[in-house]
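Enquirer: First the structure, which I've put down as structure tokens, then a few questions once you've had a look.
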Amino acid sequence: MLYPQNNKSRITIDMSGIWDFRLGEGPWQRIAVPASYNDQSPDPLFRSHAGTVCYRTQLNIPALFHGMRYVLRFDAVAHDATVLLDGEEIGRHRGGFLPFEIDLTDRAEPGSAHELTVMADNRINHSTLPIGTEGDTAFFGSDNPGITSVEAGKKRQREKGINLPAFDFFNYTGIQRPVRLCAMPRCCIQDITVVPSLDGHIQYTVETLGEGTVEVTILDMEGREVGRAQGAQGTVEIENPVLWESWPGTPYLYTARVRFEGDQYDQTFGIRQVEVKGTQLLLNGKPIYLHGPCRHEDSPFHGRGLDQVLNMTDMNLYHWLNANCFRTSHYPNAEEIYQLCDREGILIVDETPAVGMWADEHYGWDLWDYHAKVLTEMIHRDRNHPSVIIWSLGNEPSTDTYPDKAYDYWYPLYELAHREDPQNRPVTLVGCQNIYERDRIIPAMDIVFINRYYGWYNLSGDLETAAYALKMELDWWADKGKPMVLSEYGADTVAGLHGAVPEMFTEEFQAEFYRTIHACLDERDFVVGEMPWVYADFSTCQGPMRVGGNRKGLFTRDRRPKLAAHALRARWAEIKAKKS
Ligand code: GCB
């Protein structure tokens, strides 16, 4: 599905603004779109409500759309959406992190006005991605099983419809990304795939609606024509191609200008190649070392809602940190951040919303088909971005209790990702701290991603022993002959809490924690990346292990650096100079 564009053949109307809103059957209120609704009111129900919310606004179809095709495009509605026009259902979509379109051409006349209603359901359970804890009343910490009064309390919570995430981030929901009315010629370009190779051969495929001739012109960054071809698929050759490099190299972008009958669409792309060879990750044939914190879409007021000011600030803070990558932990992000990364040269590990699958029973639940659909949609949406270098099938499922069942679930998804991606990027599955000797699926990936909390969740506070244990595990992985990324490691840190002795939760401990872990990584050549958890503090559901959210950020939630951010900035300046 193409991202909306405004040009001489296409008109895109952004429907951002204040819409009518109600929680369940509650009173009508007002809400800003796009954004999570949860933090837009002091009413506690905005954060605790489980079920459907309703959005309403007026939709005007301009008279000048006469003779055109027009669709409503929702970039993301979390989690399940039902869309109504004048009270009549016109579309449904499952899943809160990927776009969907509804064709209005034959439903609403140009020059007419309508009531547009969007129902969003935020409930999560064993058949949604991400996963919810159906019926369980505690996610983190002990919930004192067996005590009569506590059990009675839990029963009461279930009766009230408690619906908790099986993951460690707040279940922000609603219309979190833009809604746009997009008009284009009736004979139009539907999709474009570009597969560049380093020698300047650019393969492309264009899907269209209607019959006609497709013309493709390749423009360089100055807008000069450097190649041209005709036909719905083919190859264009560019002489002396300039490669897309990650920062601090130049992320050089070309544009494929596609013309089809009266329609035009500009698809940017970069010429770059990602591959795994032996124990190395190669970008354009050269070894690359990933260094950058994982990132959540999370900020005050907006929740998970698109905020381009925040996105730009984050990109500049990634540059400030001397970081070169992030993982979209734990769901596909808004399309705008991938566009920014293409331009800023920041590398992305793109992750499906398969998080919370730590219960062993999940391999018995009927999730695979839906998971495969989400993975396919994510790859189709993001396959042209040069910044996307690795697909992540999911985060921290149970993989060691029933290693064969886990293998049978994940390996076909691994194969699917390779089949669906014409650029054939490396694929990974992010592994949880576990009995690694039993695990079959994590070592089967192209590149091993493991999350480890030595010194925090285990061997807590004892960094000397944490290093001893981590090194022992790294020795085990060294024999596997694969490149490895430490894809999460971190320590909750309360900004402003200091100690001459670096004890847990102080800024000094966080800095010391990273110093210790990095010393272990630096000794090993097969380690091709370090991705601390996490870029910034973020909101979670309430629990005894979370003080106003997860505090493992290198930055506070409002993006102020903690001590460790300064330390990593210095380390990554050296790495940038040496390794990348
Ligand atoms: C993890 C999860 C991440 C959590 C983090 C933590 O392993 O992948 O979602 O937020 O640990 O801080 O506990």
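What follows draws every value from the coordinates through simple rules; no lab data is involved. Note that this is a predicted model, so its numbers are computed, not measured. Positions of Cβ are generated from backbone atoms using ideal geometry, with glycine treated the same way; all protein chains shown enter the neighbour counts.
Enquirer: In a shell of Cβ-Cβ distance under 9 Å around N451, excluding N451 itself, what net charge do Lys and Arg (+1) and Asp and Glu (-1) give?
Expert: For residues surrounding N451, the net value is -1.
Enquirer: Follow-up question, since we're still on this one. For the chain, calculate the relative contact order in percent as a whole number, restricting contacts to Cα pairs under 8 Å that are 6 or more residues apart.
Expert: 12 percent.
Enquirer: Please list the equivalent ellipsoid semi-axes of the range 187-272, computed as the square roots of five times the alpha-carbon gyration tensor eigenvalues, in descending order and whole angstrom.
Expert: Result for the range 187-272: semi-axes of 24, 12, 11 Å.
Enquirer: Can you compute the charge dipole magnitude of the range 502-574 about its Cα centre, using +1 on each Lys and Arg Cβ and -1 on each Asp and Glu Cβ, nothing else charged? Give it in debye, rounded to the nearest 20.
Expert: It works out to roughly 400 debye.
Enquirer: Report, in order of residue number, the helices in the chain meeting two criteria: a C-alpha extent of 15 Å or more along the helix axis, and a mean Kyte-Doolittle hydropathy of at least -1.0; treat each whole DSSP H run as one helix.
Expert: Within the chain the helices that satisfy the rule are 308-320, 368-382, 463-478, 507-522, 563-578.
Enquirer: What number in nm² do you get for the chain if you take the convex hull of its Cα atoms and divide its surface by four?
Expert: So the Cα hull casts an average projection of 26.8 nm².
Enquirer: Could you give the spread of the C-alpha atoms of the range 201-343 along their three principal axes, from largest to smallest, in whole angstroms?
Expert: Principal-axis extents of the range 201-343 (Cα, largest first): 48, 41, 29 Å.
Enquirer: Take every DSSP beta bridge with both residues inside the range 286-578 and express the antiparallel ones as a percent of the total, to the nearest 5.
Expert: So the antiparallel bridges amount to about 15 percent of the total.
Enquirer: Under 14 Å between alpha carbons, and skipping anything fewer than 8 positions from K471 in its own chain: which aspartates and glutamates qualify?
Expert: Partners within reach: D479, D522, E523, D525.
Enquirer: For the charge dipole of the chain, defined by +1 on Lys and Arg C-beta atoms and -1 on Asp and Glu C-beta atoms about the Cα centroid, which residue among P483, P34, H93 has the Cα displaced farthest towards the positive pole?
Expert: Positive-end residue among those listed: P34.
Enquirer: I've got another one for you. Please give me, ordered by residue number, the trypsin sites (Lys or Arg not before Pro) of the range 102-170 that lie in loop per DSSP and have at most 13 other Cβ atoms within 10 Å.
Expert: Answer by residue number: K160.
Enquirer: Nothing charged except the Cβ atoms of Lys and Arg (+1) and of Asp and Glu (-1): what's the magnitude of the dipole of the range 180-255 about its Cα centre? Round to the nearest 20 debye.
Expert: Computed about the Cα centre, the dipole is about 320 debye.
Enquirer: Which value, in debye to the nearest 20, describes the size of the charge dipole of the chain about its Cα centre when Lys and Arg Cβ atoms bear +1, Asp and Glu Cβ atoms bear -1, and nothing else is charged?
Expert: That gives the chain a dipole magnitude of about 840 debye.
Enquirer: Which of T12, T493, T117 comes first, and how do the rest follow, when ranked by fewest Cβ neighbours within 10 Å?
Expert: Exposure proxy ranking, most exposed first: T12, T117, T493.
Enquirer: Lys/Arg Cβ at +1, Asp/Glu Cβ at -1, dipole of the chain taken about the Cα centre: which of M68, V194, H296 is farthest positive-ward?
Expert: Highest projection toward the positive end goes to H296.
Enquirer: Straight-line reach from K373: which lysines have a Cα under 25 Å away, not including same-chain ones fewer than 8 places off?
Expert: K405
Enquirer: The range 286-578: percent of C-alpha pairs farther apart than 30 Å?
Expert: Summing the P(r) tail past 30 Å for the range 286-578 gives 28 percent.
Enquirer: Within straight cross-link reach of K155, meaning Cα distance under 17 Å, which aspartates and glutamates are found once same-chain residues fewer than 8 apart are removed?
Expert: Partners within reach: E134, D136, D143.
Enquirer: For W368, W476, W533, what ranking results if the residue with the fewest other Cβ atoms within 10 Å of its Cβ goes first?
Expert: Ranking W368, W476, W533 by Cβ neighbours within 10 Å, fewest first, gives W476, W368, W533.
Enquirer: List M472, M68 from most exposed to least, where exposure is judged by having the fewest other Cβ atoms within 10 Å.
Expert: M472, M68
Enquirer: What is the packing order of peptides 297-308, 22-33, taking the mean over residues of other C-beta atoms within 10 Å and listing the highest first?
Expert: Order by mean packing, descending: 297-308, 22-33.
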